[in-house]
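Peer 1: This structure is in structure tokens; I'll ask about it shortly.
The values are calculated or read from the model by the stated rules, or taken from the named source; none is laboratory data. This one's a predicted model, so the numbers in the text were calculated from it and none came from an experiment. Ideal geometry is used to build each Cβ from the backbone, glycine not excepted, and the neighbour counts take in all protein chains shown.
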Amino acid sequence: MEREKPRLDKYLWAIRIFKTRSLAADACNANKVKLNGQPVKPAKSVSVGDDYEVKTESRKWLIKVTGLLQQRVPFSEAVKFYLDLTPEEELNKPRIQVASFHTGKRLSKIGRPTKKQKRDLDEFLSDD
């Protein structure tokens, strides 16, 4: 009995290239995942020996599938299911810092003055 081949989006999520399966599917739909230079859809079945070119926000990956995964596993296990063929010069490229998660809370001591700071400013300006 042969195990069912996983979907591409599920495989990329399982080997921890993407944080969520929906991010993996979105990357496939945005033509950021290619097999032999051709964009692939998220539902494509993954086979051992496939070479994929994957662009993520942080880096570009060239991976060769060495084993099939159905479920997400720890990173130490996941690296056994693919070979990272990314060229050394690609790994050493300077990266543009991806914007950090914005919580909506302003940084302390930046922005509008507090009530105390306003009083101190008024007092300073009125002392002519």
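Peer 1: Looking at (1) basic (Lys, Arg); (2) at positive phi; (3) at pLDDT below 90, which one does ARG16 not meet, given that it meets all the others?
Peer 2: So ARG16 meets the others, but not (3).
Peer 1: Which ones in segment 1-34 are among the aliphatic types (A, V, I, L, M) and within 20 Å of SER58 (Cα to Cα)?
Peer 2: The answer is LEU8, LEU12, ALA14, ILE15, ILE17, LEU23, ALA24, ALA25, ALA27, ALA30, VAL33.
Peer 1: TYR11 fails exactly one of the following numbered conditions: (1) under 13 Å from the mean Cα position of the chain (by Cα); (2) under 17 Å from PHE81 (Cα atoms); (3) of a type in the set (Ser, Thr, Tyr). What is the number of that condition?
Peer 2: (1)
Peer 1: Can you pull out the residues in segment 4-43 that are out of contact with any Lys or Arg (no Cβ under 7 Å at 6 or more places or on another chain), farther than 15 Å from VAL73 by Cβ and assigned to a loop (DSSP other than H, G, I, E, B)?
Peer 2: Within segment 4-43, GLU4, LYS5, THR20, ALA30, ASN31, ASN36, GLY37, LYS41 meet the criteria.
Peer 1: Restricting attention to segment 80-114, which residues are modelled with pLDDT of 75 or more, of a type in the set (Asp, Glu) and under 19 Å from the mean Cα position of the chain (by Cα)?
Peer 2: Correct list: ASP84 only.
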